[in-house]
Amino acid sequence: MNSVVLLTDFGIHDPYVGQMRGVLAQSGQPIHTIDLTHAIPDFDLLTGHWMISRCQQHFPHDAYWLCVVDPGVGSARAPLWVTVGERAFIGPDNGLLTWALSQPGAQVMQIDATAFAPPSHTFHGRDLFAQAIAHAIRSGPRALLTPLQSDPIRLSPSAWYQEEQERIRARIQWIDHYGNVVTSLADAKKLDGRVVLPSGQSILLPQVDTFSALPVGEAGLLVGGFGALEAVLNQASFSKKYSLKIGDWLTFIKKC
C-alpha cells in the first residue's frame, strides 16, 4: 500500500487537509495517509523543515511526503519533487524541503504544472502537489517532472543554531502539548547548565535523563523523543512558566 505523509500549517479547523485527502483518494489505488502534523506555525518554514528532519526516519522508506508551508503560493516559486532513495518529498521551493535536498544522492525535479487543470492561485497543496502524488501512484511520476531551472532554496543552519566562544544560541523549534521546549541542540555535552531566556533572565538547569529525575514542578534539561535537547518541567509547562514560543532563542553558556 502506498503511504503519504502530510505536513502543513493548515490547522484542522478548515477543510484544506480533507480536500487534499480527497484528491489523493482519486488515485484509484489503496493509500495509507498519515498526518504528521498540521500545527506548524503559520508560514514557519524553519519549523516545518525541522519537523521533517526530526521525524522522517519513523515512516515507511518508500513514502510520499506532501509538505505544504507555502507563503509564496501562486508566485513564480517552483513546485519541487525531491527523490531520496525510494522516498519522494513534494512541496514548494522555499526552503521547506532543505533536509531532503541535503541528502546524498537526492534528485531534484520540478513538477510540470501544465499537466493538470490550472491550479488555484492560493491552494497548490490540493491542486498541484496532491494531484501530482495521485498521478504518480496511479501511473508513475516521470511524465510529470521536468528539470529544475535554478538551484533550489536551502535554509541556512545559522537560522536555528549559532555557536560562539562562550555560548550557544539555539532556536526553539517546537513546544509540545505539555509545554516542553524543544531546541535545535542535539545534547548538553558542551553546556554548564546556565540558560539565558529571551527576557534576559538567567536560570540554572540540571541535566537529567528522565522527567522523574526532577522533583515535581522543577525544571531541567533532557534529550527527549525528538532526539533534541529540551527544557522541561516535571509535570508542568516550561513554556508557560517562562512565556516562551516557537521561534524564540535560548542562550546556553558553555563549559569552561
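The values are calculated or read from the model by the stated rules, or taken from the named source; none is laboratory data. Because the structure is a prediction, the values reported are computed rather than measured. All Cβ positions, glycine included, derive from the backbone under ideal geometry; neighbour counts span all protein chains shown.
Would you check if Ile253 is touching a residue at least 60 places away in the same chain (Cβ under 8 Å), farther than 29 Å from Gln57 by Cβ, surrounded by fewer than 19 Cβ atoms within 10 Å (Cβ to Cβ) and among the aliphatic types (A, V, I, L, M)?
Judged against the criteria, Ile253 is a match.
Take the residues in the range 1-13 that are over 13 Å from Ala39 (Cβ atoms) and surrounded by fewer than 20 Cβ atoms within 10 Å (Cβ to Cβ), then tell me which one is modelled with the lowest pLDDT.
The selected residue is Met1.
Yes or no: the range 75-86 includes at least one residue that is in contact with a Lys or Arg (Cβ under 9 Å, 6 or more places away or on another chain) and within 23 Å of Met1 (Cα to Cα).
Within the range 75-86, not a single residue is in contact with a Lys or Arg (Cβ under 9 Å, 6 or more places away or on another chain) and within 23 Å of Met1 (Cα to Cα).
Tell me yes or no: at least one residue of the range 38-48 is modelled with pLDDT of 95 or more and either more than 19 Å from Phe10 (Cα to Cα) or of a type in the set (Lys, Arg) (or both).
Scanning the range 38-48 turns up no residue that is modelled with pLDDT of 95 or more and either more than 19 Å from Phe10 (Cα to Cα) or of a type in the set (Lys, Arg) (or both).
If we keep just the residues of the range 1-11 that are among the aliphatic types (A, V, I, L, M) and within 17 Å of the chain's Cα centre (by Cα), which is nearest to Ala132 (Cα to Cα)?
The qualifying residue nearest to Ala132 (Cα to Cα) is Val4.
A quick yes/no check of all residues on (1) closer than 21 Å to Asp35 by Cα; (2) surrounded by 15 or more Cβ atoms within 10 Å (Cβ to Cβ):
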| site | (1), (2) |
| --- | --- |
| Thr47 | yes, yes |
| Met51 | yes, yes |
| Ala76 | no, no |
| Gly85 | no, no |
| Pro92 | yes, yes |
| Ala106 | no, yes |
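Scan the range 204-240 for residues that are charged (D, E, K, R), surrounded by 13 or more Cβ atoms within 10 Å (Cβ to Cβ) and more than 23 Å from the chain's Cα centre (by Cα) and report the count.
Qualifying residue count, the range 204-240: 1.
For (1) in a loop (DSSP other than H, G, I, E, B); (2) crowded, with 20+ Cβ neighbours inside 10 Å; (3) among the acidic types (Asp, Glu), each residue gets a yes or a no:
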site: Trp174; (1), (2), (3): no, yes, no
site: Leu185; (1), (2), (3): yes, yes, no
site: Arg194; (1), (2), (3): no, no, no
site: Gly200; (1), (2), (3): yes, no, no
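Looking only at the range 212-256, which residues are small (Gly, Ala, Ser) and either not in a helix (DSSP H, G or I) or not assigned by TED's automatic domain parsing to the domain that holds Ala188 (or both)?
Gly217, Ala219, Gly220, Gly224, Gly225, Gly227, Ala228, Ala231, Ala236, Ser237, Ser243, Gly247
Can you tell me which condition Arg138 does not meet? The list is (1) under 27 Å from Pro41 (Cα atoms); (2) at pLDDT below 95; (3) among the basic types (Lys, Arg), and all the others hold.
(1)
Go over the candidates Ala130, Ala143 one by one and state the one that is assigned to a helix (DSSP H, G or I) and either within 23 Å of the chain's Cα centre (by Cα) or within 15 Å of Ala78 (Cβ to Cβ) (or both).
So the residue among Ala130, Ala143 that is assigned to a helix (DSSP H, G or I) and either within 23 Å of the chain's Cα centre (by Cα) or within 15 Å of Ala78 (Cβ to Cβ) (or both) is Ala130.
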